[in-house]
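What follows is one structure encoded as structure tokens, with my remarks underneath.
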Amino acid sequence: MPLICFASPKGGVGKTTLAANAASDLARAGHDVIALDLDPQNALRLHFGVRPGDPEGFIATLRDQPGSGPDRKRHWREALRPTGQGVELLAYGQTDFSAALAFADELAVRPDLLAGPVREMLEEPGRVVVVDTMPGASAQIASILPFADLVVTVLLVDAMSIALIASVQSGRAYGQALPGEDDPRLFYALNQFDRRTRLGSAIAAAAARKLGGRLLATIYRDENVAEAGAAQRMIGEYAPTSRAAGDIRALAGAIASRLPVPRARRLASLHA
Ligand SMILES: Nc1ncnc2c1ncn2[C@@H]1O[C@H](COP(=O)(O)OP(=O)(O)O)[C@@H](O)[C@H]1O
Ligand SMILES: [Mg+2]
């Protein structure tokens, strides 16, 4: 049922890393998780150990095109790929710059190309869809935000990020695809926090005050995160006792506690 979207006005902030690791932690906690990559960089799969040259994916196949290769059009169920973490992965797939632009143009006028399959995924009770996105506004994010239960904006702990909060709250950051400041679906994760720097501590404290209960977690800057990424492994497997692994588990826990209760369970608790 629920859809969790990792987004940010900026690139290189840890969206993909946190989406992959949070998806993996949610699967470990017993959720039935699909990880969906909407970014043509196609990097989410790398965290799940998929070979860099592997062409298989889903989004790149959504354009109507002839042929029988890895880019032939197919149902999302057919494109699901099992992973060692128990997450089912829908990679973006192999694409190039012009194909990615052409797809974005097509999606802007036909959002159902993506919204259709995502709606179907969400019809399955108990299923959690974790989405990784490209930075800022895009046709991809505009097509799926109407179905999102949680939008987790990832920000670095720097002065620029504090300035960006207003653009997220106003909906500008994602192309007005969000209704605005009071949208109850808006949450934040601060990434790459370093307590040893004066600026880091001051900014983290200011951001925490500004965001209040909407701040789900602050994740330490930790070399283990980059190393785990390079080893194509999750931080929880690579360095389970590291500071960042604990912070990311806290993020997954905060997400899990805010997921809408499935209808069946809600009814059962009413009758208990
Ligand atoms: N908490 C962290 N500590 C150290 N390095 C991190 C942390 N989070 C992300 N990184 C590194 O930052 C880089 C960018 O992360 P990535 O998830 O690809 O960002 P995005 O998807 O926003 O572009 C990667 O090399 C990743 O390993
Ligand atoms: Mg990314």
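The values are calculated or read from the model by the stated rules, or taken from the named source; none is laboratory data. This is a predicted model, so every value here is computed, not measured. Every residue, glycine among them, receives a Cβ derived from its backbone with ideal geometry; neighbour counts consider all protein chains shown. We work out accessible area using only protein heavy atoms, side chains counted, and drop any ligands, DNA or RNA first. Shrake-Rupley method; radii C 1.70, N 1.55, O 1.52, S 1.80 Å.
Quick one: Gln94 ticks every box in (1) within 15 Å of ligand 1 (Cβ to nearest atom); (2) not in a helix (DSSP H, G or I) except a single one, so which number is it?
It fails just one condition, (1).
Of the residues Gly136, Gly180, which single one is of a type in the set (Gly, Ala, Ser), under 24 Å from Ala217 (Cβ atoms), outside any helix (DSSP H, G or I) and without any contact (Cβ under 8 Å) to a residue 40 or more places away in the chain?
Gly180
Confirm whether Ala108 is assigned to a helix (DSSP H, G or I) and of a type in the set (A, V, I, L, M, F, W, C).
The answer is yes for Ala108.
Taking Ile203 as meeting all but one of (1) outside any loop (DSSP other than H, G, I, E, B); (2) open to solvent by 40 Å² or more (accessible area, probe 1.4 Å), write down the number of the exception.
Single failed check for Ile203: (2).
Go through (1) more than 18 Å from Ala239 (Cβ to Cβ); (2) surrounded by fewer than 17 Cβ atoms within 10 Å (Cβ to Cβ); (3) within 16 Å of ligand 1 (Cβ to nearest atom) and name the single condition Pro184 misses.
Among (1) more than 18 Å from Ala239 (Cβ to Cβ); (2) surrounded by fewer than 17 Cβ atoms within 10 Å (Cβ to Cβ); (3) within 16 Å of ligand 1 (Cβ to nearest atom), the lone unmet condition for Pro184 is (3).
Would you mind stating whether Pro117 is on the phi < 0 side of the Ramachandran plot, more than 16 Å from ligand 1 (Cβ to nearest atom), open to solvent by less than 30 Å² (accessible area, probe 1.4 Å) and out of contact with any Gly (no Cβ under 6 Å at 6 or more places or on another chain)?
In short, yes.
Test Leu89 against the criterion of being hydrophobic (A, V, I, L, M, F, W, C) and buried (at least 17 other Cβ atoms within 10 Å of the Cβ), and give yes or no.
Criteria met by Leu89.
Out of Phe6, Phe48, report the one residue that is among the aromatic types (Phe, Trp, Tyr) and more than 13 Å from ligand 2 (Cβ to nearest atom).
Among Phe6, Phe48, only Phe48 is among the aromatic types (Phe, Trp, Tyr) and more than 13 Å from ligand 2 (Cβ to nearest atom).
Out of all the residues in segment 15-25, is one or more more than 17 Å from Ile248 (Cβ to Cβ), modelled with pLDDT of 95 or more, within 8 Å of ligand 1 (Cβ to nearest atom) and buried (at least 21 other Cβ atoms within 10 Å of the Cβ)?
No, segment 15-25 has no match at all.
Can you pull out the residues in segment 233-261 that are touching a helix residue (DSSP H, G or I) at 6+ places or on another chain (Cβ under 8 Å), among the hydrophobic types (A, V, I, L, M, F, W, C) and outside any loop (DSSP other than H, G, I, E, B)?
Selection gives Ile235, Ala244, Ala245, Ile248, Leu251, Ala252, Ile255, Ala256.
Quick check on segment 15-45: of everything there that is away from ligand 2 (no atom under 16 Å from the Cβ) and of a type in the set (Asp, Glu), which residue is nearest to Val87 (Cα to Cα)?
Among those that are away from ligand 2 (no atom under 16 Å from the Cβ) and of a type in the set (Asp, Glu), it is Asp32.
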